[in-house]
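The values are calculated or read from the model by the stated rules, or taken from the named source; none is laboratory data. Computed from a prediction, not measured in an experiment: that's the story for all the values here. Cβ coordinates were reconstructed from backbone atoms using ideal geometry, including for glycine residues, and neighbour counts include every protein chain displayed.
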Amino acid sequence: MRRPGSVTGHSRKLRARLAVPDHVRTDVVVIGAGQAGLSAAYHLRRTGFRNGSGFVVLDHGKRAGGAWQYRWPSLRLGKVHRIHDLPGMAFGTPDPSRPASDVVSEYFGRYERVFDLPVQRPVDVLAVRDEGERLLVESATDSWSARAVINATGTWDRPFWPHYPGQETFRGRQLHTADFQSAEEFRGRQVVVVGGGASAVQLLLEIAEFASGTTWVTRREPEWFDSETLMPEHGRQSVAKVERRVRAGLPPGSVVSVTGLALTPEVRAGIDAGILDRKPMFERITEDGIVWPDGTSRRADVILWATGFRAALDHLAPLHLRGQGGGIRMDGTRVVGEPRLHLVGYGPSASTIGANRAGRAAVTEIRKLLDSQGSGDAAGID
């Protein structure tokens, strides 16, 4: 069976008829134009890589904004965690009552224009392959031959749906955080929210204003921290835990599992009101609700799976990077098994400030790698 994204003889002939080149040669391909991808592109530009022959950014979104453009409309800027500045341009102080999806998308779009970043969209990267001296990045219509690749594809495209017995029999509605649009959809409904992350907490607080009742279930007891007194050392320790996992070739794991949940004033009010009254994970799902191991049941019209996302790395499968631990061994941003490939916004850099640092670090290493190999034939470095 042909691998997804592979180029058959028929497709090559079709390209020839359409006068589409087999591939574009460039020094660096950045996959993804979210926070991490734009940070990497900025540093590529700043260190002398030219547009086109030097580097290109491939983004599958229809507009600027990365994953932020898909956030639910009711998520106002004032309710999100801090948006860190991209390198070289301040985020500013936009109206906190505006949808975060609009504000961040506008900021990212402005950033691309000001720094003249070579973003091509929409481009769905299907595969990255080892072609000897170069890596081949393939989409359905084009391909790029690169000396190095920076992968910044994030997680939004891979929502995680766990499976529980009876799930297929549920007669109500099931949706994932990625599908959520408005809490008003659940007016008068009994809603079960599954998940122990920040999104689950935010959505519970919104839905509770309209639903006839809510139930919050998680696998582990939530760990709360005071958002006003959180010390920088706590953040550093959390990042270090994730970094140790990826160095060992293990999946990065959930950010919340190492950082905990912030006790903001809004969250404290939700706890006092009984909205954030966590229940242990249920055992099975019935036609009209959920059942715990002791036989206790709860009726439900809606089950919202706020169960997080996984890294969107399927297009890297042809490189066979995953080890016995199920993850990809990393040294900083560099993939140990493929030094021409860097993952940014992955593992310890899966945060806005971490993505900025990762973009700079990846470019620094790639510049050293390409300098050690000579100028190459792309001639894309000033």
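Just give me the residues in region 106-165 being charged (D, E, K, R) and assigned to a loop (DSSP other than H, G, I, E, B), in sequence order. Asp116, Arg121, Asp124, Glu131, Glu133, Arg134, Asp142, Asp157, Arg158, listed by residue number.
Scanning region 128-150 for residues that are under 13 Å from Ile31 (Cβ atoms) and among the hydrophobic types (A, V, I, L, M, F, W, C) gives Val128, Leu135, Leu136, Val137, Trp144, Ala146, Ala148, Val149, Ile150.
Based on this model, can you work out whether Arg82 counts as among the charged types (D, E, K, R) and in a loop (DSSP other than H, G, I, E, B)? Spelling it out, Arg82 is indeed among the charged types (D, E, K, R) and in a loop (DSSP other than H, G, I, E, B). The set of residues in region 33-58 that are charged (D, E, K, R) and assigned to a helix (DSSP H, G or I) comprises Arg45, Arg46.
A quick yes/no check of all residues on (1) in a loop (DSSP other than H, G, I, E, B); (2) more than 30 Å from Leu343 (Cβ to Cβ); (3) among the aliphatic types (A, V, I, L, M):
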residue	(1), (2), (3)
Gly270	no, yes, no
Lys279	no, yes, no
Ile285	no, yes, yes
Leu304	no, no, yes
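With in contact with a helix residue (DSSP H, G or I) (Cβ under 9 Å, 6 or more places away or on another chain) and charged (D, E, K, R) as the only criterion, which of Glu209, Glu168 stands out? Answer to the check: Glu209. Could you tell me whether any residue of region 106-127 is under 15 Å from Trp68 (Cβ atoms), touching a Lys or Arg at 6+ places or on another chain (Cβ under 9 Å), surrounded by 15 or more Cβ atoms within 10 Å (Cβ to Cβ) and without any contact (Cβ under 8 Å) to a residue 40 or more places away in the chain? Checking region 106-127: not a single residue is under 15 Å from Trp68 (Cβ atoms), touching a Lys or Arg at 6+ places or on another chain (Cβ under 9 Å), surrounded by 15 or more Cβ atoms within 10 Å (Cβ to Cβ) and without any contact (Cβ under 8 Å) to a residue 40 or more places away in the chain. For region 169-180, state whether one or more residues are closer than 20 Å to His315 by Cβ and not assigned by TED's automatic domain parsing to the domain that holds Arg71. Checked against the condition, which is being closer than 20 Å to His315 by Cβ and not assigned by TED's automatic domain parsing to the domain that holds Arg71, region 169-180 yields at least one hit. Scanning region 306-344 for residues that are part of a loop (DSSP other than H, G, I, E, B), crowded, with 17+ Cβ neighbours inside 10 Å and among the aliphatic types (A, V, I, L, M) yields a total of 7.
For region 188-203, check the following and say yes or no: at least one residue is assigned to a loop (DSSP other than H, G, I, E, B) and either of a type in the set (Lys, Arg) or surrounded by fewer than 17 Cβ atoms within 10 Å (Cβ to Cβ) (or both).
Residues of region 188-203 assigned to a loop (DSSP other than H, G, I, E, B): 188-189, 195-197.
Going one step further and asking which of them are either of a type in the set (Lys, Arg) or surrounded by fewer than 17 Cβ atoms within 10 Å (Cβ to Cβ) (or both), we end up with 188-189.
Yes, region 188-203 contains a residue that is assigned to a loop (DSSP other than H, G, I, E, B) and either of a type in the set (Lys, Arg) or surrounded by fewer than 17 Cβ atoms within 10 Å (Cβ to Cβ) (or both).
Does Gly61 qualify as being modelled with pLDDT of 90 or more, part of a loop (DSSP other than H, G, I, E, B) and within 16 Å of the chain's Cα centre (by Cα)? Don't jump to the end; show me each part of the working.
On the way: modelled with pLDDT of 90 or more: yes; part of a loop (DSSP other than H, G, I, E, B): yes; within 16 Å of the chain's Cα centre (by Cα): yes.
Yes; evaluated as a whole, the condition is true for this residue.
A single member of Gly376, Gly354, Gly380 is at pLDDT below 95, within 20 Å of Gly32 (Cβ to Cβ) and in contact with a strand residue (DSSP E or B) (Cβ under 6 Å, 6 or more places away or on another chain), and it is Gly380.
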